[in-house]
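S.K.: The structure under discussion is supplied below as structure tokens; questions concerning it will follow.
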């Protein structure tokens, strides 16, 4: 019975950490973009929804992989924070590598092709980074 209680406590702590990381990540990502993510999503901009969803999914992938290999909750938080920074850098680098258009402008205009491409890059990088952090 003690093991069950300990496992439930661990699940609760893990979920709490995940919520903190996702909340901080959403805030940081929101500051990185030049438009209001929440407003665009509320207005039905599917490209903005795909973009925000992929960033949060990417963070979940990183947190999942980090939680598997972390020795402590603090280590898990630190590596998750590093994951946020890396995903922000992915966005900046992607924007620099696409000089013909600005990613933020295209997402704000609802360009689904850019959103789909960026989603694939974010999720792919999250898997690779999560593997590195394991």
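S.K.: If a residue has to be closer than 21 Å to residue 85 by Cα and either surrounded by 12 or more Cβ atoms within 10 Å (Cβ to Cβ) or touching a residue at least 60 places away in the same chain (Cβ under 8 Å) (or both) to count, how many in the stretch 6-26 make the cut?
M.R.: Within the stretch 6-26, residues that are closer than 21 Å to residue 85 by Cα and either surrounded by 12 or more Cβ atoms within 10 Å (Cβ to Cβ) or touching a residue at least 60 places away in the same chain (Cβ under 8 Å) (or both) number 9.
S.K.: Say whether the condition of being at pLDDT below 90 and within 17 Å of the chain's Cα centre (by Cα) is met by at least one residue in the stretch 3-14.
M.R.: Within the stretch 3-14 (the criterion being at pLDDT below 90 and within 17 Å of the chain's Cα centre (by Cα)), the answer is yes, since at least one residue qualifies.
S.K.: Considering only helices (runs of 4 or more DSSP H) fully contained in the stretch 27-132, which possess at least 2 residues that are closer than 30 Å to residue 13 by Cβ and in contact (Cβ under 8 Å) with a residue 60 or more places away in the chain?
M.R.: Output list reads 46-69, 73-97.
The values are calculated or read from the model by the stated rules, or taken from the named source; none is laboratory data. Because the structure is a prediction, the values reported are computed rather than measured. Note that each Cβ is placed from the backbone with ideal geometry, even for glycine, and that neighbours are counted across all protein chains shown.
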